[in-house]
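Notes to accompany the following structure.
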Amino acid sequence: MSKNISFIDGLEGILKYREIDINQLVELPYDAVSYLLIMGELPGDQELADYSARLRGEREINREAIDVIRMCNFNIDSMEALRTIVSFISQFDPDINDNSPEGNMRKAIRLIAKIPTIVAAYHRIANGKEPVPPDPSLSHGANFLYMIRGSKPSDLEAEVMEKDFILSAEHELNASTFSSRVTASTLSDLYSAVVSGLCTLKGPLHGGARAEVMAMIDEISSPEDAEKYVLEKLAKKEKIMGFGHRVYKTYDPRGVVFKQLSRQLAEAKGNMYWYEIAEATERTVIRELVEKKGKPIYPNVDFYSGVIYKYLDIPPKLATSIFAIGRVSGWIAHCFDQYEKKKIIRPRAFMLDEC
Ligand code: CMC
């Protein structure tokens with residue numbers, strides 16, 4: 001079962017969730033893809049309506065959580081606050097110690113529904129504004145942008161946000177999913193497993209790379225400067241954020257979609273600036289590393305998604321938390337699979353030599 005949650009062909013650049021190619025999945029609502037990951041098959045119309053209604057009904061967070069957000073440090077990345085609040089709200093979940101499949105499903109719905117609300121409330125309070133309550137008439141993506149801004153996004157922005165969540169939702173046994181699975185393998189609760197995933201996602205070699213890409217685009221500051229920036233970094237043997245992948249030895253298929261979406265957004269907003277900086281960076285990295293050195297270092301999932309966040313006016317501090325909004329469905333799918341196995345994950349130390 002776990003093998004089928006997703007499938008990656010790192011040489012051909014193919015990614016499937018439950019045997020369906022991501023290029024097909026991005027045409028669906030996030031809720032349908034979340035259902036697919038967790039339940040193992042695509043929902044019918046009624047099943048999707050029920051699942052979406054359950055998610056929309058659980059979006060609100062309690063006043064205690066808002067009070068704790070008000071006490072957070074807003075000078076640092078939002079991931080510190082997100083992992084704290086997810087852990088905090090677990091105490092109020094009536095099913096916290098019910099590890100039955102039904103109890104776990106209720107917790108799953110709450111986690112998927114509430115994480116965007118926590119991130120948006122953090123952002124509003126950090127900027128001296130009051131949180132915006134969720135709007136149950138809006139999709140997962142549109143509602144998130146609405147809660148951040150206090151106004152409804154354009155159709156294109158909402159569509160891009162949905163696709164961002166879908167493309168971030170699952171990626172086999174990546175570091176954060178592995179962490180979540182290890183926690184679930186001890187039969188600990190789903191909140192604990194998700195907090196483990198959050199802690200691991202935060203690292204700059206994993207989900208944290210997206211914020212670093214945004215900082216890099218700002219640092220480069222013009223398309224003409226991209227080549228100089230890349231050459232200097234490579235001369236210092238430093239890595240270019242948003243490039244390279246442990247599994248893909250070709251273009252990351254999620255990166256292909258993100259590149260198209262970022263171009264679409266740039267055109268719609270009549271501002272090609274950040275897109276052109278990104279393209280010039282990509283051209284130089286490919287020329288220097290792929291063509292001259294034969295290293296398979298292409299843009300990964302974090303590169304053009306970082307560009308998209310700039311066009312959506314999302315600050316770098318939120319980038320990793322937004323990755324988590326999408327990824328939580330994947331973590332939960334893996335945890336459910338692990339709970340069924342009822343077997344602890346306990347590798348031997350010598351296996352680390354192969355990592
Ligand atoms: N820029 C420049 N050189 C690179 C890069 C890069 N981004 N990535 C790999 N290389 C080079 C590296 O210097 C090494 O060269 P050499 O063999 O001459 O020493 C070679 O390629 C292999 O690198 P590695 O670090 O051993 O490869 P890995 O499979 O262990 O690491 C990676 C994969 C993603 C951690 C790495 O490519 C990296 O650090 N990339 C930048 C950070 C980043 O974008 N992370 C997001 C990863 S994708 C999303 C996710 O998993 O969350």
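The numbers here are math on the coordinates, done by the rules we state, and not lab data. Predicted model, so just to flag it, every value in this text is computed and none were measured. Counting neighbours? That spans all protein chains shown, and the Cβs are built from the backbone with ideal geometry, glycine included.
The figures follow:
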quantity: Helix 78-89 vs. the chain, principal-axis angle (Cα, 0 to 90°, nearest 10); calculated: 10 degrees
quantity: P(r) of the stretch 58-144 over all Cα-Cα pairs, binned every 10 Å from zero, in whole percent; calculated: 17, 48, 30, 6, 0
quantity: Candidate lysines for bridging to K259, where Cα separation is under 16 Å - those fewer than 8 sequence places away on the same chain excluded; calculated: K163, K269, K310
quantity: Backbone HN-Hα couplings from phi across the stretch 141-148 [Karplus 6.51/-1.76/1.60, Hz, Gly and Pro as x]; calculated: x, 5, 5, 4, 5, 4, 5, 6
quantity: Virtual spin-label span in nm between N62 and E27, 7 Å along Cα→Cβ; calculated: 4.4 nm
quantity: Fully extended contour minus Cα-Cα distance, from E19 to D135, at 0.36 nm per residue; calculated: 38.5 nm
quantity: Point-to-point label distance, K292-E232, nm (Cα→Cβ direction, 7 Å offset); calculated: 1.7 nm
quantity: Kirkwood-type radius of the chain, with distances r between different C-alpha atoms, in Å; calculated: 20.6 Å
quantity: Neighbour cut-off at most 15 other Cβ (10 Å), DSSP loop, trypsin sites (Lys or Arg not before Pro), the stretch 121-153; calculated: K129
quantity: When the stretch 275-326 is reduced to its Cα atoms, the Kirkwood hydrodynamic radius in Å; calculated: 12.3 Å
quantity: Candidate aspartates and glutamates - alpha carbon under 12 Å from K152, same-chain residues fewer than 8 apart omitted; calculated: D135
quantity: Local net charge near Y30, Cβ-Cβ under 11 Å (Lys/Arg +1, Asp/Glu -1); calculated: -3
quantity: Karplus 3J(HN,Hα) series, Hz, for the stretch 316-324 with 6.51 cos²θ - 1.76 cosθ + 1.60 (x for Gly, Pro); calculated: x, 4, 9, 4, 5, 5, 5, 4, 5
quantity: Shape category assigned to the stretch 209-311 from the gyration tensor of Cα positions, a/c cut at 1.5; calculated: oblate
quantity: Under the Karplus curve 6.51 cos²θ - 1.76 cosθ + 1.60, θ = phi - 60°, whole-Hz ³J(HN,Hα) for the stretch 8-17, x wherever Gly or Pro sits; calculated: 10, 10, x, 8, 8, x, 10, 9, 10, 9
quantity: The stretch 172-256: GluC sites (Glu not before Pro) in DSSP coil with no more than 15 other Cβ atoms inside 10 Å; calculated: E238
quantity: Aspartates and glutamates whose Cα lies under 15 Å from that of K342, excluding same-chain neighbours fewer than 8 positions away; calculated: D189
quantity: Rel. contact order, % - alpha carbon contacts under 8 angstrom, at least six apart, the stretch 192-321; calculated: 39 percent
quantity: Calculated [θ] (222 nm, deg cm²/dmol) that DSSP helices of n ≥ 4 give over the chain, each run adding -39,500 (n - 2.57); calculated: -19000 deg cm²/dmol
quantity: The stretch 185-290: trypsin sites (Lys or Arg not before Pro) in DSSP coil with no more than 10 other Cβ atoms inside 10 Å; calculated: K236, K237
quantity: The stretch 1-40 shape via C-alpha gyration tensor axes, a/c threshold 1.5; calculated: oblate
quantity: Förster-model FRET efficiency, 35 Å R0, R70 and D98, C-beta, rounded to 0.05; calculated: 0.70
quantity: Sites R246 and L187, calculated FRET efficiency, Cβ-Cβ separation with R0 25 Å, nearest 0.05; calculated: 0.30
quantity: Net charge contributed by nearby residues that have their C-beta within less than 13 Å of D77 (K/R +1, D/E -1); calculated: +2
quantity: Additional length obtainable on full extension of the chain from C199 to I345, 0.36 nm per residue less Cα span; calculated: 50.7 nm
